[in-house]
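Note sheet for the following structure.
Only the coordinates and a few stated rules stand behind these numbers; no lab work does. Remember, it's a predicted structure, so these values are computed and weren't measured experimentally. So basically every Cβ, Gly included, is an ideal-geometry build from the backbone, and we count neighbours across all protein chains shown.
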Amino acid sequence: MKKIIKIGIPIVSIFLLIACGNSENKKQENPQDSEASASIPKDNAIRIDDDVLNAIYSQYVHLTVALTQDNLAEAKLAANAIEAGASEINNSNLAAFAAAIVSAPDIDKQRAAYSKLSNEMVGLLKKAGMAEAELYVEYCPMAFDNKGAVWVSSTKEVRNPYFGEKMLNCGEVKEIIK
């Protein structure tokens, strides 16, 4: 009986620690997932008149959220997908700007390339037009030493990818793409 207790208690303790650790990890992951999903619009809510651009836009949203959350690795993943899809668009530098984000060594350089990518996206989206819903061109006047920069969002709520958590709500809606 003493052997069972000596062996059983540590084993039960290990299982409890593992079980508690798993539930804590899930609790920590879920708030981030819900925050990210709250800021990412549903793909079927936005439809662009160009199918390729429509697919790229969903990755652009992923990239924007990653930069908003100061997440270098996620930004690289999203930019890699944009680069692959953008190769199908003629007369565009979108793939080159996405490649610059993928190869950027830090988030500041990613954000600089993202600014160029966003300018290109605005032009492409205006040219293609919207099938359903509308998009907002948002502007941060303080980005890049007060030179300013734009990005595209599906909501009027400002979530600034240029400053991330430091100045999350800095910016304004400058234009609506319909």
Where in the range 48-62 does the label zone of A84 land, with the point 7 angstrom along Cα→C-beta and an amide N cut-off under 20 Å? 51-62
Sort E138, E74 by Cβ crowding within 10 Å, fewest neighbours at the top. E74, E138
Taking a ≥ b ≥ c as the square roots of the eigenvalues of the Cα gyration tensor, with a/c under 1.5 meaning rounded and otherwise prolate when a/b exceeds b/c and oblate if not, the range 43-177 is oblate
Estimated inter-spin distance, D70 and E175, nm [label 7 Å along Cα→Cβ]: 3.1 nm
So, in Å, what gap is there between the alpha-carbon centers of the range 106-126 and the range 140-178? 12 Å
Potential lengthening between F144 and A131 on full extension [0.36 nm per residue; Cα-Cα distance subtracted]: 1.4 nm
Quick check: pseudo-label points 7 Å beyond the Cα along Cα→Cβ at D108 and L77, how many nm apart are they? 2.6 nm
